[in-house]
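The values are calculated or read from the model by the stated rules, or taken from the named source; none is laboratory data. Worth saying up front: this structure is predicted, and the values here are computed from it rather than measured. No Cβ is skipped: glycine too gets one built from the backbone with ideal geometry, and neighbour counts run over all protein chains shown. Protein only, heavy atoms only, side chains kept; ligands, DNA and RNA dropped before computing areas. Shrake-Rupley method; radii C 1.70, N 1.55, O 1.52, S 1.80 Å.
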Amino acid sequence: MSVRLSAISSVTPDLVTTAQLVVETPGEGFTDITREAARFVTDSKAGDGLLLLFLRHTSASLTVQENADPDVQTDLVTALRRLAPQDGPWVHTVEGPDDMPGHIRAMLTGVSLHVPVKGGALGLGTWQGIYLVEHRRRPHRRELTLQFMGSRSEEHTSELQSHLNLVCRL
């Protein structure tokens with residue numbers, strides 16, 4: 001077995017940006033939000049740091065998963081249905097038969113993610129995407145908080161320095 005640690009880099013955080021993302025889901029399944037997360041990082045003028053994603057719901061979840069073969073998502077939905085079937089002996093049924101299984105599936109998969117950002121780009125693997133997973137059968141409106149913490153992009157830092165130099169000369 002071979003294990004190797006890269007050189008350690010450090011960043012002094014000087015930027016924290018936050019935005020809300022609203023996703024209208026089509027019902028049970030995976031909705032790819034990678035493009036929206038990447039756009040948020042770009043619009044934040046991010047350099048190096050961390051993207052945090054938090055879903056404000058208890059019957060949907062977030063995950064990083066394969067983005068190349070949609071059969072993976074189909075199989076994952078099938079597996080989640082088996083782990084928490086709609087016809088289980090649930091006590092909590094006031095919001096419908098798919099609600100309690102949705103809570104269980106969200107507990108298993110989680111409602112928050114963190115993704116490294118390097119040079120203003122998401123640090124995802126080649127076949128990875130960021131997904132909101134809807135666990136309810138009907139469409140829902142889901143709200144996420146996106147937050148970047150880290151350094152400003154080199155390009156943006158240079159812009160700020162130019163403006164600062166201009167102001168100092170005045």
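What to note about this one:
- Flag for LEU144 being surrounded by 14 or more Cβ atoms within 10 Å (Cβ to Cβ) and of a type outside the set (D, E, K, R): yes
- Against the list (1) at pLDDT below 95; (2) under 23 Å from HIS140 (Cβ atoms), the condition VAL77 fails is (1).
- Qualifying position, being open to solvent by less than 10 Å² (accessible area, probe 1.4 Å), on the phi < 0 side of the Ramachandran plot, at pLDDT 95 or above and not hydroxyl-bearing (Ser, Thr, Tyr), among GLY150, GLY129: GLY129
- Test result for LEU80, open to solvent by less than 50 Å² (accessible area, probe 1.4 Å) and under 21 Å from ARG39 (Cβ atoms): no
- Within segment 25-40, no residue satisfies the criterion of being open to solvent by less than 50 Å² (accessible area, probe 1.4 Å) and of a type in the set (Lys, Arg).
- The listed residue being over 30 Å from GLY119 (Cβ atoms) and out of contact with any Cys (no Cβ under 7 Å at 6 or more places or on another chain), out of ASP99, ASP32, ASP48, ASP69: ASP99
- Contacts under 8 angstrom Cβ, first residue in segment 46-72 being surrounded by fewer than 14 Cβ atoms within 10 Å (Cβ to Cβ), partner not in a strand (DSSP E or B), 6 or more apart: ARG56/VAL111; THR58/GLY102; THR58/HIS103; THR58/ALA106; THR58/VAL111; ALA68/TRP127
- In segment 114-140, the residues that are over 30 Å from ARG82 (Cα atoms) reach residues that are assigned to a loop (DSSP other than H, G, I, E, B) and open to solvent by 70 Å² or more (accessible area, probe 1.4 Å) with C-beta atoms within less than 8 angstrom, at least six apart or across chains, in these pairs: GLY120/LYS45.
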